[in-house]
1. Give Val72, Val96, Val53 a once-over and let me know the one that is in contact (Cβ under 8 Å) with a residue 12 or more places away in the chain and surrounded by fewer than 16 Cβ atoms within 10 Å (Cβ to Cβ).
2. Based on this model, can you work out whether Gly65 counts as at pLDDT below 95 and surrounded by fewer than 20 Cβ atoms within 10 Å (Cβ to Cβ)?
3. Determine which single condition Glu118 fails, assuming it passes every other condition in (1) charged (D, E, K, R); (2) surrounded by 14 or more Cβ atoms within 10 Å (Cβ to Cβ); (3) farther than 20 Å from Lys7 by Cβ.
4. Of all residues in region 8-50, which are under 26 Å from Thr170 (Cβ atoms) and surrounded by fewer than 16 Cβ atoms within 10 Å (Cβ to Cβ)?
5. Of all residues in region 148-194, which are part of a loop (DSSP other than H, G, I, E, B), touching a residue at least 12 places away in the same chain (Cβ under 8 Å) and either farther than 23 Å from Ala46 by Cβ or touching a strand residue (DSSP E or B) at 6+ places or on another chain (Cβ under 9 Å) (or both)?
6. Do we find that Asn175 is under 17 Å from Val96 (Cα atoms) and exposed (fewer than 14 other Cβ atoms within 10 Å of the Cβ) in this structure?
7. If you take the residues in region 75-93 that are without any contact (Cβ under 8 Å) to a residue 12 or more places away in the chain and under 19 Å from the mean Cα position of the chain (by Cα), which one is surrounded by the fewest Cβ atoms within 10 Å (Cβ to Cβ)?
8. I need the full set of residues from region 99-115 which are surrounded by 13 or more Cβ atoms within 10 Å (Cβ to Cβ) and either in contact (Cβ under 8 Å) with a residue 24 or more places away in the chain or among the charged types (D, E, K, R) (or both), in order please.
Amino acid sequence: GLIIKMKLDDLKMDVSRGIIEIGAGVILAKIVKNSTAEGLTGLEWASGIPGTVGGALRGNARAFGRNIGMSVETIEALDITTLERTTYNNSECEFVYWGSMFKKNPNLIILSAKIKLEKGDAEKSQQEARNIIVKRMAIHPTGSSAGSFFLNPVVFDEKLRERFEKDSGTACRDNKIPAGWLIDEVGLRGKKIG
């Protein structure tokens, strides 16, 4: 097999406008660190998520009720079949739960993105990012892991959604219940089958 590591690591910030232009090879944590230091809010939720911007955009990385697609203005991609570069606006990216049109079209390689964040208080933004890392460390294993691979299913059973909300004290988003809660409910946490 062949592994290609994206090295497009340009990072330009226009703090007054809340715009960040980033290469697909920039580590996501670097954007969180730089944006929060400048008081730009909107990416704190991504604190501690490993990987690059390109991967986060392709898979519409998400955590704590937010996703990267919420901040995207445009994405520039290369079509490897025609070698044409195209800039896509947010709606053309077709961001969905754990996906985008780039995930459905393997011939498109994300080169860069322009994201828009809100101006806020740097100290509060940095503290929120630190709090997210603490939460993440409490719920995710340390060391190597397969990462998150369960998708939260849409649940049409209203009683089950109500039960989840009562048990967790958290509202369902888009009629989805966390897969982890469902796994716990049926007693399968830690089970190995096959």
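The values are calculated or read from the model by the stated rules, or taken from the named source; none is laboratory data. Remember, it's a predicted structure, so these values are computed and weren't measured experimentally. Cβ coordinates were reconstructed from backbone atoms using ideal geometry, including for glycine residues, and neighbour counts include every protein chain displayed.
1. Numbers: Val72 fails: surrounded by fewer than 16 Cβ atoms within 10 Å (Cβ to Cβ); Val53 fails: surrounded by fewer than 16 Cβ atoms within 10 Å (Cβ to Cβ).
The unique qualifying residue is Val96.
2. Numbers: at pLDDT below 95: yes; surrounded by fewer than 20 Cβ atoms within 10 Å (Cβ to Cβ): yes.
Judged against the criteria, Gly65 is a match.
3. (2)
4. Residue satisfying the conditions is Pro50 alone.
5. Of all residues in region 148-194, those part of a loop (DSSP other than H, G, I, E, B) come to 148-153, 155-157, 169-172, 174-175, 177-178, 186-194.
Next, only the ones that are touching a residue at least 12 places away in the same chain (Cβ under 8 Å) stay: 150-153, 155-156, 172, 174-175, 177-178.
Residues satisfying the conditions are Leu151, Asn152, Pro153, Val155, Phe156, Asp174, Asn175, Ile177.
6. On the way: under 17 Å from Val96 (Cα atoms): yes; exposed (fewer than 14 other Cβ atoms within 10 Å of the Cβ): yes.
Judged against the criteria, Asn175 is a match.
7. Looking at the filtered set, the residue picked out is Ser91.
8. Gly99, Ser100, Phe102, Lys103, Leu108, Ile109, Ile110, Leu111, Ser112, Ala113, Lys114, Ile115
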